[in-house]
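Here the structure is laid out as structure tokens; the discussion comes afterwards.
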Amino acid sequence: MVNETITDLPENLKGLADLAFNLWPSWHPEAQCIFKRLNKIGWKEATHNPVKMLHTVPKVALINASENTSYVNHYNAVMARYTRYMQRRTSWFSEHYPDYCKTALIAYFSAEYGLQHSLPFYAGGLGFLAGDHLKECSDMGVPVVAIGFMYSDGYLRQIINSDGWQEGVEEKIQRGNAPIKRIYAKNEKIILLKVPYIKPDIYFTLWKVEIGRVDLYLLDTDVEENAPEYRNITSRLYSSENEMRLLQEIVLGIGGGHALKELGISCSAIHLNEGHAAFAALERIRQYMEAGFSREEARDQVNRTLLFTTHTPVPAGHDKFPTWMMDKFFGEYYSQIGGRDAFLNLGRHIEDPPDYFNMTAFALKASTYANGVSKKHGEIARDMWKSLWDLGNAQQVPIGSITNGVHIPTWLNPKLETLINTIVSRSCPDWLQHHDEEYIWDLIAMLPDEELWEVHQMLKMKLIDRIREAKRRSWVQHEADAGSVLSGGLLLDPNVLTIGFARRFSTYKRADLIFHDMERIKRIVTMPYKPVQIIFAGKAHPADHEGKRILQRIFKIAQSPEFAGRVAFVEDYGEQISKYLVQGVDIWLNNPVPPLEASGTSGMKAGINGVLNLSIEDGWWIEGYNGKNGWSFGKSTSLENRDDATDANELYSILEEKVIPLYYAQALDGVPHEWVAMMKESIRSIAAPFSARRMVKEYVERYYIPTLTAACESKVNVEPK
């Protein structure tokens, strides 16, 4: 039984329950502090999860807090701020687009969301981008409702065995300790829905996550009404089995669209975050036809109110399914949307075999608006999909680009924010409300070097302490042997130049590029008086054996005494350790094979915290690098023209000739002033243009308003028969 309410609270602290079941505290440090003050050890044991904290904290701690004037005053101040936020009637959106406020609503579909570690519904950057998008929509008052999956098994809990091989451990989500709520019908029974017109029958129930003022509905097929093979549709992200993957996408798109209708949520437009949920367009067409529109009218209505964002610059990364498999499930659905051939033609792509249905091709044909996630990726997407349009050249293909951004309140370290506030608030007291304005960040130059350096060194120490504590826990729980404890970061030194590499272990990301010349990198990391240490983290997809082999190689290097404890691999990379890494390392390394990095957001998160990027010029870094805020390298131009030797040699040269000398050029006050100048430039040049606020404003102005306008016009011009 899932405990969705917390009732055993002192009367004057009742609001803690509402606060715990909303993710608003996850980007408001003062709210997190309310829970931490109840019991610091308990907060750590609860892994900074307010719901779990309230379920496990001793009652005496709550009673003591309720009688502590200082705590109650802190609680009242935070609750007042939270209440104002939730009840606020004005926002950026309402001020700029008042005519759309009462009726407009955009349905945002995504297969994953990176929100908080207690909700492991993400695999990587796509999920965190979706999570940051929703948080910013909440802050700005953009009318959005979101659809996703309740992954009962999360993504993957990573365990590295003594041989360095990644093993996935099943760890069911603790629903009773997660900030989620079941959705009930009017008769107070758990709501149970069926995916319409799909055979065999697939049932699902619904959960809700509150992200500030944005609601995220999660679909869950783990119900006894389903056949055993269908109960697991929503158990884990991105099934490697093709038929199960098709079922996931049917449930997400068609089931998600049906769920909104059954909940009485009327959406004016749809935003598809990647092609996994493209069937939402199909369900929307069916609903319009059911209401009396002709097939052509329904398709036109959906087409003009649909935005599709693609994230994948590799043709093989786009889902496609054989038509016989489509027939297996869509037999009854075809008749509802005008017939089999008309539908299957929407998913045909001339570059695929003729008997396949391509989800991205379908999404592009079904939408008027489409975009890539960086300027470079927009170019690649236009070239990749140009055959869908009969146009003169790729630049005329109607796929634009909006470069990704990160949610500043989530990823900017609170101590760094406090330091920045001492300077910026003098000129702009409410600067965080305008953090996408570049003039605000120009004031960073006024920060005292020694104070910025002191904060950064403290964050590095926090990172290393966190890594050591994690290895202590795994040792106590008998999950690690002595070798993995040492290779997991026990020997890290906070005084040493620290490089971070943390991302999904796919071959194109080249996690082991820095070890291309083993003797040279060995000399670099063990250099007397100027050593370097490298922290790796990340997971390989369960079916990606080559990715696992790269991970294993790095793990074994970390175990090698020849590297003097200067290489570490951190297990089970997730949202929490990600924050420590992007805030605590000195250098953020990124070296994919171009142009396969569609955008990348981890480097943005590092950059806003003064961590310097050392990156291949690909994705967002093409736009972000200005010659003074980090370093750029690389000669590879594609998988076919991959040149690891040249790229690695250039990387070594930059480290030896620029990075290491600059870092260790510390003045008598212990501060490397030229390095700190680059840190300031990193923050100044990256924070505003690569913020989620700038990104969401672009989505609203370029795509949301046109789709909402089309929806309004359609209501006038196309009436149901």
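The values are calculated or read from the model by the stated rules, or taken from the named source; none is laboratory data. Quantities reported herein were computed from a predicted structural model and do not represent experimental measurements. Please note: Cβ atoms are built from the backbone with ideal geometry, for glycine as well, and neighbour counts cover all protein chains shown. Heads up: the accessible areas ignore ligands, DNA and RNA and are worked out on the full protein's heavy atoms, side chains in. Shrake-Rupley method; radii C 1.70, N 1.55, O 1.52, S 1.80 Å.
A protection proxy built from the mean count of other Cβ atoms within 10 Å ranks the segments 273-282, 484-493, most packed first, as 273-282, 484-493. Inter-part distance, segment 136-152 to segment 383-445, computed on C-alpha centroids, equals 19 Å.
Rg/Rh for segment 485-605: what does it come to with C-alpha atoms and Rh from Kirkwood? My calculation of the ratio gives 0.94. Computed over protein heavy atoms with a 1.4 Å probe, the accessible surface of the chain works out to 38 Å² per residue. Extending 7 Å from Cα along the Cβ direction at Leu668 and again at Ile63 yields two label points whose distance is 6.0 nm.
Rounded to the nearest 10 degrees, the angle from helix 69-87 to the longest Cα principal axis of the chain is 40 degrees. Angle of helix 279-290 to the longest C-alpha principal axis of the chain, folded into 0 to 90 degrees and rounded to 10: 20°. Give me the dipole magnitude in Debye, nearest 20, for the chain about the Cα centre, with unit charges on the beta carbon: positive for Lys and Arg, negative for Asp and Glu. Computed charge dipole of the chain: roughly 1100 debye. Taking the longest Cα principal axis of the chain as reference, the axis of helix 575-584 is set at about 40 degrees. Each helix, a run of at least 4 DSSP H residues, gives -39500 (n - 2.57); summed and divided by the residues of the chain, these come to -12000 deg cm²/dmol at 222 nm. A Förster radius of 30 Å combined with the Cβ-Cβ distance from Ser335 to Arg702 puts the calculated FRET efficiency at roughly 0.20.
About its Cα centre, the dipole of segment 193-352 is roughly 300 debye, where the only charges are +1 on Lys and Arg Cβ and -1 on Asp and Glu Cβ. Within the accessible area of segment 284-356, what % is carbon and sulfur when the probe is 1.4 Å and the other protein chains stay in place? So the carbon and sulfur contribution to the accessible surface is 52 percent. Seen from Gly256, the other residues with C-beta closer than 15 Å to its C-beta sum to a net charge of -2, counting Lys and Arg as +1 and Asp and Glu as -1. Per-residue 3J(HN,Hα) values for segment 516-529, derived from phi via the Karplus relation 6.51 cos²θ - 1.76 cosθ + 1.60 with θ = phi - 60°, read 4, 10, 4, 5, 5, 5, 5, 5, 5, 6, 9, 4, x, 6 Hz in sequence order (x marks Gly and Pro).
Give the distance, in whole Å, between the Cα centre of segment 497-574 and the Cα centre of segment 226-272. About 37 Å separates the Cα centre of segment 497-574 from the one of segment 226-272. Placing R0 at 35 angstrom, the Cβ-Cβ distance between Lys658 and Met461 gives a FRET efficiency of 0.90 after rounding to 0.05. Of the solvent-accessible surface of segment 553-639, computed with a 1.4 Å probe and all protein chains present, 50% belongs to carbon and sulfur. Packing, as the average of other Cβ atoms within 10 Å across residues, places the peptides 53-65, 528-540, 186-198 in the order 528-540, 53-65, 186-198, highest first. Taking 0.36 nm per residue of separation and subtracting the Cα-Cα distance, full extension of the segment from Thr637 to Glu450 would add 63.3 nm.
Under Stokes-Einstein, with the Kirkwood radius over Cα pairs standing in for Rh, what whole-number D in µm²/s applies to the chain at 25 °C and 0.890 mPa s? For these conditions, the coefficient is 92 µm²/s.
For segment 174-306, the alpha carbon convex hull comes to 138 Å³ per residue, rounded to a whole number. Overall size of segment 318-443 from C-alpha positions, given as principal axis extents largest first: 65, 37, 21 Å.
Measuring nothing but alpha carbons in segment 381-430 and taking Rh as the Kirkwood radius, the Rg to Rh ratio lands at 1.43.
In this calculation the C-beta distance from Arg520 to Val314 is compared with R0 = 35 Å, giving a FRET efficiency of 0.70. The length gained on full extension between Asn626 and Tyr439, counted as 0.36 nm times the residue separation minus their Cα-Cα distance, comes to 65.6 nm.
Using bins of 5 Å that start at zero, the share of Cα-Cα pairs per bin across segment 128-198 amounts to 3, 10, 12, 14, 18, 17, 13, 6, 4, 2, 0, in whole %. Three principal axis extents describe the C-alpha atoms of segment 346-401; from largest down they are 33, 21, 18 Å.
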